[in-house]
1. With respect to the numbered conditions (1) out of contact with any Leu (no Cβ under 7 Å at 6 or more places or on another chain); (2) crowded, with 19+ Cβ neighbours inside 10 Å; (3) at pLDDT 95 or above; (4) not small (Gly, Ala, Ser), which one is the sole condition not fulfilled by Phe134?
2. Helices (runs of 4 or more DSSP H) wholly in segment 116-233 with at least 2 residues that are farther than 30 Å from Leu313 by Cβ and touching a strand residue (DSSP E or B) at 6+ places or on another chain (Cβ under 7 Å) - which ones?
3. Within segment 175-193, is even one residue under 30 Å from Gln333 (Cβ atoms), surrounded by 16 or more Cβ atoms within 10 Å (Cβ to Cβ) and in the same structural domain as Ala277 (by TED's automatic domain parsing)?
4. Among the listed residues Leu40, Leu46, which satisfies the condition of being closer than 20 Å to Leu328 by Cβ and either surrounded by 18 or more Cβ atoms within 10 Å (Cβ to Cβ) or among the hydrophobic types (A, V, I, L, M, F, W, C) (or both)?
5. Could you list all residues from segment 137-172 that are aromatic (Phe, Trp, Tyr) and out of contact with any Pro (no Cβ under 7 Å at 6 or more places or on another chain)?
6. Name every residue in segment 245-295 that is of a type in the set (A, V, I, L, M), farther than 28 Å from Glu326 by Cα and out of contact with any Pro (no Cβ under 7 Å at 6 or more places or on another chain), in order of residue number.
7. Please verify whether Thr245 is buried (at least 20 other Cβ atoms within 10 Å of the Cβ), of a type in the set (S, T, N, Q) and within 30 Å of Val168 (Cα to Cα), treating the condition exactly as stated.
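The values are calculated or read from the model by the stated rules, or taken from the named source; none is laboratory data. On a predicted model such as this, the values are computed, not experimentally measured, just so you know. Positions of Cβ are generated from backbone atoms using ideal geometry, with glycine treated the same way; all protein chains shown enter the neighbour counts.
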Amino acid sequence: MRIRKVRLIGFRNYEEAIVGFRPGLNILIGNNGQGKTNLLESVYFLSTTKSHRRASDEEMMMNGKEYFQLDCITENDDGSSRFSAVIHKKGKTFCVRGEPVKKMSDYVGKLNAVIFSPLDMGMFDSSPTDRRRFLDIELGKMSKIYITFLNQYSNLLKNRNIALKKEVPDRVLIDAISEQMVGPQTEIIRQRYHFIQQLNRTVSEYYRKLSGTGGKITLAYESMVAYHADDSILRGLIQNRIANTLERDLITRMTNTGIQREDMEFFLDGHPVKAYASQGQKRMIVIALKLSLVNLIKERTGEYPVLLLDDVLSELDESRRNALIELLPEGVQTIITATEKEAIDPRLWNKAKIIKIEKGSAAEWMNSTTSN
């Protein structure tokens, strides 16, 4: 998939702007605070219906505005599509080819974008919630079934917690809800497990090529139960775990086990990354993870996502910047932000479309390619 152009109205510091992109490499140049990250955020929002900065809808509205609107024209081998979002203080509407979607599972993933942001550096040290969010967003973009089961489980979890908080909890009702939770959790655990195993196939190779050193990266899935390939056995393990924690749930008046408590751990040569790796190594691991994700999305869906790289070059030396550019698959449309022209390898100037971002406006750099 490739983005032809994006239109922003009332989004962050963009009152109104139309930005065109070429199929390959695009570089956004501008000083800090001019709107480079905001532009990437708009694309990511159209992909996931969420901000990668965890911003609320109102926070993304330009000051004094009652709404914001985003439109995006994409193209692939099957033709072109239009994605749009209108977000106002009373609701939101997402459309594909001008038709409003009724369920987010019918929208998320149709425009697939993967982002690297400096905020990702907190992935290792933050709470498990952030790592589960990564799993849920990325799996949700590739699997409607995953979104469906995740939504089902979230509603059941809410109802179970309400039942647990009653002055006299209804054990029959709680048991009934618990049994309904087993199916969604079985599917979610299965998908999370295979997703992590698939990332493990390539993440070390990307890390070694980026860092120029050895090292094995391993992602470990910390599930509520030991994974088993047989769904009937996995269901039994989940049922036993729920039954064994029921008394604790009744005491604490909340659900203490489930996929909402799971986590993912990163290891470098068998050592926990959060305690063992340097900041430079952590950056290489995150970039390697995102490149592995790009590769996996292509494998699963048949087409590459759009790759958004925010402020990735400033913290890399020349050899690692070159290694990153060399690792970008030829078919991937990439949008990179940079504050200075000097941060860009001169060899890229004839290959990339350079876009100058200044005070919420965008203009093509005269020296860049005019290919679109």
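1. Tallying (1) out of contact with any Leu (no Cβ under 7 Å at 6 or more places or on another chain); (2) crowded, with 19+ Cβ neighbours inside 10 Å; (3) at pLDDT 95 or above; (4) not small (Gly, Ala, Ser), Phe134 fails exactly one: (2).
2. By residue number, 171-200.
3. yes
4. Leu40
5. Passing the criteria: only Tyr146.
6. If the condition is that a residue be of a type in the set (A, V, I, L, M), farther than 28 Å from Glu326 by Cα and out of contact with any Pro (no Cβ under 7 Å at 6 or more places or on another chain), then Leu246, Ile251, Met254, Ile259, Met264, Ala275 are the ones that fit.
7. It is false that Thr245 is buried (at least 20 other Cβ atoms within 10 Å of the Cβ), of a type in the set (S, T, N, Q) and within 30 Å of Val168 (Cα to Cα).
Per-residue answers, yes or no, for (1) buried (at least 21 other Cβ atoms within 10 Å of the Cβ); (2) of a type in the set (Lys, Arg):
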{"residue": "Arg53", "(1), (2)": "no, yes"}
{"residue": "Asn63", "(1), (2)": "no, no"}
{"residue": "Met104", "(1), (2)": "no, no"}
{"residue": "Val108", "(1), (2)": "yes, no"}
{"residue": "Leu119", "(1), (2)": "no, no"}
{"residue": "Asp130", "(1), (2)": "no, no"}
